[in-house]
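Presented below is the structure to which this report refers.
The values are calculated or read from the model by the stated rules, or taken from the named source; none is laboratory data. Bear in mind that the values here come from a model prediction, so they are computed numbers and not experimental data. In this analysis, Cβ positions are derived from the backbone assuming ideal geometry, glycine residues included, and neighbour counts consider all displayed protein chains. Ligands, DNA and RNA are excluded from the accessible area calculation, which covers all protein heavy atoms including side chains. Shrake-Rupley method; radii C 1.70, N 1.55, O 1.52, S 1.80 Å.
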There are 2 protein chains.
Amino acid sequence: MNVLWIFAHPEPRSLGGALRDEGLRTLRAQGANVRESDLYAMKWKAVVDADDFGAAAHSGSAAPFEPGQSDRLIVGSTSKTAFETGELSDDIRAEHEKLDWADTVIVQFPLWWYGMPAILKGWFDRVFVKGFAYGVRRSDGKTSRYGEGALAGKRAMVLLTAGAPEATIGPRGVNGEIDDLLFPLQHGTLWYAGMSVLPPVTVCGADRVSPEQYDAAVEALRDRLRTLSTRDPIPFRRQNGGDYDEDLVLRADLAPGRSGNGVHLL
Amino acid sequence: MNVLWIFAHPEPRSLGGALRDEGLRTLRAQGANVRESDLYAMKWKAVVDADDFGAAAHSGSAAPFEPGQSDRLIVGSTSKTAFETGELSDDIRAEHEKLDWADTVIVQFPLWWYGMPAILKGWFDRVFVKGFAYGVRRSDGKTSRYGEGALAGKRAMVLLTAGAPEATIGPRGVNGEIDDLLFPLQHGTLWYAGMSVLPPVTVCGADRVSPEQYDAAVEALRDRLRTLSTRDPIPFRRQNGGDYDEDLVLRADLAPGRSGNGVHLL
């Protein structure tokens, strides 16, 4: 097993940092090969801009926007050109090499404003470029996404620390349920790019853990790392598996009358 | 009306940039006072780190994590101390001054991986610090959040450009419904801090708009800007309005048997 561990916490001596250390130890003891992207330690550049794309970025004129005009920075198509011509910046290409190597990716972060810290969002914004992580077509002309695509065959798991008490991110909790809060990442990013997504590991009340709670969190994490290659992933529907119509809307006879993120589960 | 317009697109000559220009013109023609935070133009620092907090950030020892230990960077409490002692970095304090001035905030961005670009997430991570945007207690000891709090009385509206076709982010669309994708921002951030959140303005198929579609998008935006101060906000439930129990879980007799983000609407 080749595991890439992405860590996005500013403080290595945090609860998150301790869980990362325990997690890496556990994986190595299992005989896994482990590499890490410690984004704060790497001083990862969070912000997409023209510098990412080398000569592929149009320097452009100063003409104002017009519909259909292409003489400006269009992130998707420019990133695809830069990927195909090898002009992406070195830091992005280094992450691609790690992802090519990995069969399993752990995405670890503290929940900030019910999402990823900016440094981690910027890892996805910059690394998951068109051509590498999405925008690949099948032989029948359909776009490979949601269960198919360049990263299909790899597994991903989110490891989360959250300040909120568990009930508040459970069903009907005031902050919204964790599955819904993570939908843009787990479904809209990881599954979109083809990865199988394992249920997340969530540690709540992060700034107030007792020694007993800490021990329990470590034990739960170790258990989940031992079953990384065997546990069933979240059963998201495949885009091209027949469940969605030509407009990519769920067929009326599936989860009839319902809406919400849950309808995208088998 | 004092409007702060937050713009998070790397290319001013984009569809987003054109809508921003039209929006600012429309507001000024209405007699509104307008200020802007153009995050790419400002080279906004996206990443929270100890430099944000001046002397309030613990330089700390190299001791490993222990539960209960405080000698490390704890973002929430450190940001609160730095806010109270005036030690937050100049760029954060400048945004606080703009927010204090504004009664209305427009949050404009292209949808990247079903969320905000990192530069904008980092604006919330760094500007919405404890003490300024959350973590304020009422006289009865309850925490002011979700409809109450330091930013209560202000209005916010998201203006979004998205590459995806409209049906795919509509009800039962493969990408998830836009209300769900925006829940962490609209509910978990803006409403959390007390702001009233107006329904978003969403322009789909952003890289492929025809001149007719562009004209329609501008007209829709102008209409929404004309009704900024009168339109009903999204009817999110208040945390302390009696709908949630002591664990902050929705009472069983409200939206009985249901779950999902929709239960947090009146």
For chain B, the percent of accessible surface on carbon and sulfur atoms (probe 1.4 angstrom, ligands and nucleic acids excluded) is 49 percent
Do you know the relative contact order of chain A, to the nearest whole percent, from alpha carbon pairs under 8 angstrom that are 6+ apart? 19 percent
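Given Cα pairs under 8 Å that are at least 6 residues apart, what percent is the relative contact order of the range B:46-194?
Answer for the range B:46-194 is 24 percent.
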What is the Rg over Rh value, at two decimals, for the protein assembly as shown, using alpha-carbon atoms and the Kirkwood definition of Rh? 0.94
Taking 0.36 nm per residue of separation between residue B:266 and residue B:30 and subtracting their Cα-Cα distance, the length gained on full extension comes to 81.8 nm
Keeping every protein chain present and rolling a 1.4 Å probe, give me the accessible area per residue for the protein assembly as shown in Å². 39 Å²
What size of dipole, in debye to the nearest 20, comes out for chain B about its Cα centre when the only charges are +1 on Lys and Arg C-beta atoms and -1 on Asp and Glu C-beta atoms? 400 debye
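Quick one: which of A:102-108, B:75-81 comes out on top by average Cβ neighbours within 10 Å, and what's the full order, highest first?
A:102-108, B:75-81
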Taking the Cα centre of chain B as the origin and placing charges on Cβ (Lys, Arg +1; Asp, Glu -1), which of B:69, B:102, B:260 is farthest toward the positive end of the dipole? B:102
When the accessible area of each residue in the range A:96-118 is compared between its chain alone and the complete protein assembly (1.4 Å probe; ligands, DNA and RNA ignored), which residues differ by at least 50 Å², being lower in the assembly? A:112, A:113, A:114, A:118
Which whole-angstrom value gives the distance between the alpha carbon centres of the range B:14-44 and the range A:221-266? 39 Å
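Need one word for the range B:153-201: rounded, prolate or oblate. Basis is the Cα gyration tensor (sqrt eigenvalues a ≥ b ≥ c); a/c below 1.5 gives rounded, then a/b vs b/c decides.
Here the range B:153-201 falls in the prolate category.
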With the solvent-accessible surface defined on protein heavy atoms using a 1.4 Å probe, which residues belonging to the range A:173-196 display a reduction of at least 50 Å² in accessible area in the multichain context relative to the isolated chain? A:174, A:180, A:184
The farthest towards the positive end of the charge dipole of the range A:2-234, of the residues A:120, A:199, A:182, given +1 on Cβ of Lys and Arg and -1 on Cβ of Asp and Glu, is A:199
For labels at residue B:51 and residue A:238 in the simple 7 Å Cα→Cβ model, what's the distance in nm? 4.7 nm
Total accessible area lost when B and A pair, probe 1.4 Å, Å² to nearest 100: 5800 Å²
Dividing the alpha-carbon radius of gyration of the range B:2-234 by 2.2 N^0.38 Å, where N counts its residues, gives 1.09
For the protein assembly as shown, give the magnitude of the charge dipole about the Cα centre (Cβ charges: +1 Lys/Arg, -1 Asp/Glu; no others), in debye to the nearest 20. 300 debye
What's the extension gain from residue B:96 to residue B:253 if we count 0.36 nm per residue and subtract their Cα-Cα distance? 52.5 nm
Counting only the backbone N, which residues of the range A:165-209 are under 18 Å from the spot 7 Å out from the Cα of residue A:21 toward its beta-carbon? A:207-209
Can you list the lysines whose alpha carbon is less than 22 Å from that of residue B:43, not counting same-chain residues fewer than 8 positions off? A:43, A:45, A:121, B:98, B:121
